[in-house]
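Read the figures in this text as sums done on the coordinates, not as results from a lab. In this text the structure is predicted, and so the values were computed from the model without any measurement. Heads up, the Cβs are rebuilt from the backbone with ideal geometry, glycines too, and the neighbour counts pull from every protein chain shown.
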Amino acid sequence: MQSFQEIILTLKRYWAQRDCVIQEPYDVEVGAGTMCPETFLRVLGPDPYRVAYVQPSRRPADGRYGDNPNRLYKHSQLQVILKPAPEDIIEQYLGSLEAIGIDLRKHDIKFEEDNWEAPTLGAWGIGWQVMLDGLEISQFTYFQQCGGIDLDLIPAELTYGLERLTAFLQVKDSVYDIDWGGGFSYRHVRYMDELQYSVYNFEMADIPTLWQLFDLHEGEAGRLLGLYDPKSPDKKRFPLLPAYDQVLKCSNLFNTLDARGAISVTERQAVIQRVRKMAVAVAQAWVDQQSGAPAEVAQ
Amino acid sequence: MSALLPFLLEIGTEEIPDWMIPGALENLRLLFEKLDIPHEEIRLDATPRRLVLRATGLPARQADSEERILGPAKSAPAQAVAGFARKQGIQPEDMVVESTPKGEYYVFYKKVAGRQTRDILAEALPGVILGIYFPKTMYWTGKGGPRFIRPIRWIVALLGEDIVPFTLAGVRSGALTSGHRRLGAREIAVTCADYEQRLRDHCVILSFQERSGRIAEQLAAIDVRPDPGLIRKLAYLTEFPTTIRGGFDPEFLALPDEVLATVMRHHQNYFSVTGPGGKLAPEFVAVMNIESDPEGFVRRGNERVLRARFNDARFFWETDQKKTLAARKADLAHVTFQAKLGTYLEKVERMMTLAAELGGDAHAVRAAELSKCDLTTELVKEFTELQGVVGGLYARVQGEPEPVWQAIYDHYKPESMDDSIPRNRAGQIVALADKLDTLRGCFRVGLIPSGSRDPYALRRAAQGVVKILAEGKLELPLLDLLGGDAGLRAFFEERVKYYFKEIRGFAYDEVNACMAAGWSNLVDLEARLVRVRSLRDSADFEPLAASFKRIRNILEQAKFTGGGAIDPALLEPGPERDLYDEFLRTSGQPIESAISSLRPKVDLFFDKVLVNAPDQKIRSNRLTLLSTLLAEFSTIADFSEIVTNS
């Protein structure tokens, strides 16, 4: 039986052998691997890229105090971006499942229509949820638009739900019973996060403080974006990546406030629009910045 | 004529959404037929990964034809004639002289060889393929590239034994297909003759009928709830479908059937199994895309997924019980119905008033009050499609009377034109109140559907109102319920027309005729439609309708505004007087009993009497007679709307 970490290592090796950069997780809280600059910004513009990374993805509202066998506040996504998508991308994906020991002649795999959309990122794509014996194990998306911009090269995004996949392979009914590796269980490693973040997100997060933080990060992003000058000869120095971090902070604060029950349905739409506006502005500036100096970026 | 050839086109793609496949195939057929290439039979097939058109009897070459080229006039100098012939590459004697309206001219009949069918296809097929309509398409080769439903990965195009050569989205057409993703080979050489068999050898059943038949046959041995829609879906989700049977812990049967069935059907694509007495059995049937499951991997995997889902549902069901529906009403103040239309609490209060106005009893008003409370439950947040149903189930558990819980349960009905209306009166009233409130509100703030954009599903809501009024036999004045909104009135007029024409099968002119005589009371409208339809069988009907149309035209031309009584003294003896007497005799009778005696009198009148008499008084009296006659028999329909052959 492969441990959680062996599965991760196998998948990383598999994609490394297919010329992907193996990245470490991004060090700002995100709700999904898509939000990391390695995806959100890299899919923009005309330059090919291939990357794989495991991203801890935080969904405050999904926390269950460590009680629910299938729902987690923070789960691990393996995110693979292949830009542009190779012709045999689905074969490569199926090969990765075989690499972790799933004999697809003996299991049922189906690709069911599921078009992904992230309103806060102005991003959407066409694709499927991949079902393995009735379990959704991956999301497979051909990005069409990101930050409201039509993409030049169409990337494929593969997202593996690692806990689910491992529970499936290890035949565990609860993710907490997963063997992580080295004799430690998933519970051993992660239970305290799940419990304490659930308490914080649902009970103790201070709503006024979170709103204040939201406003501060939004202000900083807006300040920076207002200073970006597309005509400046020095524009490639301009700190758009740090500006994007501010957007990510806002997104995570929004999710936390939402879990805390602090956002009414009416406000919800408005806050999503605020985040989206920043994300779109960063994406547009980024495309401009890249087109200004493609040679230097490549170095 | 050369031998006739078979044609095979297979568009190999990544997995196409199941529900789009039938439409795409029909489209492919139309686009192919538009090419005007002679052929015998066409056969269409599809799996998730291929759209296939096969045709027989195509000629290798199109028929030769002749083109008529006009040369110089016969009178032209010999040099000009020779010059023309040289330009055409012929001798002057190859031409003939023909007389034309302009005089005598040289004419050359040029033989045009029919083009190779293969060349025509090679040129046209890329356009045919990319012309297939899909509701949502994508780029895959990059911005500005071709769009299709999913990436095209291979193309088989064969005419007889030859490849029809073309390139589309970087894919070259050829004679290589692809088998089942894991049970077949990736590249398989095929011919028109062995194509289907070769696919079968590689675990692809090409025919949808065969795949759905295979599923149905395997289900036949098991007591499953019939679900043809699910069979169809699964037959288009698989290339080699096989059923497997799994079970779940009977403890879950404590949950309502609706919840269990929804999880199985909508979230997992499983068939429910029934046990003794029609109750759910702790079993399910799934369909997999492989041939067998000898080690039970697929069965066990599906059982575990279902267990997790049922556990979630049970957790929500139990959590939700901690707060009654009635106690949740206040929470609706925090649930937005629509930004410009306020919260669900406000909506519910409007619905309660409206339910009473519509003649609803205390049960209907109570059901309206509780109808939206399930929106705050965890179960509905998880299974949105169960809104209403969950409210009904909770209301039942919480001791609400049967008419109330059933009304809550049903109040989103009818969800489509095939769906039934709410089963009891209270449910019909609540459903009407809900839909009318939404329609009135949306039209008031300008959220009006345009073209294919109808984000609030207002067409469906209005269609539901029409269906409930008509099939619930509710004699409510629809036009008075629209809040005096002219736009909404026009919107409903379309819906009423659609309903009686498309759903109930009345002819469009019958619908126009009856609606012209009023359409506020749909029960009455339907009764009149039935009468007009049976009147139509009478031989006198269409001639009389034609006469009514003539009367209306005469009145319009004369700008006759009506009023006034008929002066019998001014009537001429003969046809005019006879018509008047007939009118007096039949007045007040239903048109069914008057029609056969009335018609000859009307015909004779028009035959013999000049309406536009020189004497103004006589003319006016005649117009009054006609207008009175028209009004008398137009209460059930405006017969001048009937389209007649005469």
*For the pair A:GLU91 and B:ARG147, how long in nm is the line joining their label points, each one 7 Å along Cα→Cβ?*
2.9 nm
*For a paramagnetic label modelled at 7 Å from the Cα of B:ASN612 toward its Cβ, which residues of the stretch B:555-579 fall within the zone defined by backbone nitrogen distances under 16 Å?*
B:555-560
*asked:* I want the antiparallel fraction of DSSP beta bridges within chain B, as a percent rounded to 5.
replied: 95 percent
*Tell me, what HN-Hα J-couplings in whole Hz come from the Karplus equation 6.51 cos²θ - 1.76 cosθ + 1.60 at θ = phi - 60° for each residue of the stretch A:23-31, using x for Gly and Pro?*
9, 8, x, 6, 9, 10, 4, 9, x
*Starting from the eigenvalues of the Cα gyration tensor, five times each then square-rooted, give me the equivalent ellipsoid semi-axes of chain B, largest first, whole Å.*
54, 53, 22
_Net charge over other residues, Cβ less than 12 angstrom from the Cβ of A:TYR191 (K, R count +1; D, E count -1)_ = 0
*Using θ = phi - 60° and Karplus 6.51 cos²θ - 1.76 cosθ + 1.60, couplings along the stretch B:276-282 (whole Hz; Gly, Pro as x)*: x, x, x, 6, 5, 9, x
_Ranked A:TYR93, A:TYR186, B:TYR195, criterion: other C-beta atoms within 10 Å, fewest first_ = A:TYR93, B:TYR195, A:TYR186
*asked:* What does the charge count around B:GLY446 come to, taking other residues whose C-beta lies under 12 Å from its C-beta (Lys +1, Arg +1, Asp -1, Glu -1)?
replied: +1
*Can you give the three extents of the C-alpha atoms in the stretch B:385-434 along their principal axes, from longest to shortest, in whole Å?*
32, 23, 16
*Between B:LYS111 and B:GLN197, what is the FRET efficiency for a Förster distance of 35 Å, r being their Cβ-Cβ separation, to the nearest 0.05?*
0.25
*Per 10 Å bin, what is the whole-percent P(r) computed from every C-alpha pair distance within the stretch B:583-626?*
25, 44, 27, 4
*What ranking do A:MET131, B:MET515 get, fewest neighbouring Cβ atoms within 10 angstrom at the top?*
B:MET515, A:MET131
*Three semi-axes of the equivalent ellipsoid, the stretch B:89-192, Cα gyration tensor, whole Å, largest first*: 47, 20, 10
*Return the long-range amide H neighbours of A:SER232 (sequence gap of 5 or more, or a different chain), with a cut-off of under 5 Å between placed amide H atoms.*
none
*asked:* Helix check for chain A. Which DSSP H runs span at least 27 Å along their own axis by Cα, with a mean Kyte-Doolittle hydropathy no less than 0.0?
replied: A:207-227, A:240-259
*Estimated dipole of the stretch A:205-298 in Debye, rounded to 20 [Cβ of Lys and Arg +1, of Asp and Glu -1, Cα centre]*: 160 debye
*Sequence neighbours fewer than 8 away in the same chain don't count; with that in mind, list the aspartates and glutamates whose C-alpha is under 16 Å from B:LYS617.*
B:ASP567, B:GLU572, B:GLU576
_P(r) weight above 17 Å for the stretch A:1-121, C-alpha pairs, percent_ = 65 percent
*Can you give the extra length, in nm with one decimal, that the chain gains between B:ALA558 and B:LEU4 once fully stretched, where that is 0.36 nm per residue apart less the Cα-Cα distance?*
192.8 nm
_If I model a spin label as a point 7 Å beyond the Cα along the Cα-Cβ vector, how far apart are those points for B:GLU494 and A:VAL21 in nm?_
5.2 nm
*Given the Cα-Cα distance of B:GLU349 and B:SER620 and 0.36 nm per residue of separation, how much length would full extension add, in nm?*
91.9 nm
*Stretch gain in nm, segment B:GLU402-B:VAL445, where the contour uses 0.36 nm per residue and the Cα spacing is subtracted*: 11.8 nm
*For peptide A:106-119, compute the average count of partner chain beta-carbon atoms within 10 Å of each residue's beta-carbon.*
6
*For the residues B:GLU400, B:GLU556, B:GLU572, what sequence is obtained by ranking on other C-beta atoms within 10 Å, fewest first?*
B:GLU556, B:GLU572, B:GLU400
*Please give the FRET efficiency for B:ALA63 paired with B:ALA216, using the beta carbon to beta carbon distance and R0 = 35 Å, rounded to the nearest 0.05.*
0.15
*Restricting to the stretch B:128-250, what percent of DSSP beta bridges are antiparallel, rounded to 5?*
80 percent
_At R0 = 41 Å, how high is the FRET efficiency between B:ASP36 and B:VAL96 if r is their beta carbon distance? Nearest 0.05 is fine._
0.85
_Amide H contacts under 5 Å for B:THR343, placed H, 5+ residues apart_ = B:PHE337
*Hey, what did chain A get for relative contact order, percent, Cα under 8 Å, at least 6 apart?*
21 percent
*When a/c is below 1.5 the answer is rounded, else prolate if a/b is larger than b/c, else oblate, so apply that to the protein assembly as shown with a ≥ b ≥ c taken from the square roots of the Cα gyration tensor eigenvalues.*
oblate
*A:LYS83: which lysines have alpha carbons under 21 Å from its alpha carbon, excluding same-chain residues fewer than 8 sequence positions away?*
A:LYS12, B:LYS143
*List, in order, the whole-Hz ³J(HN,Hα) value for each residue of the stretch A:129-137 obtained from phi through the Karplus relation with A = 6.51, B = -1.76, C = 1.60 and θ = phi - 60°; use x for Gly and Pro.*
9, 9, 9, 10, 6, x, 9, 6, 10
*Once both labels are modelled 7 Å past Cα along the beta-carbon direction, what's the B:TYR508-B:LYS74 spacing in nm?*
5.4 nm
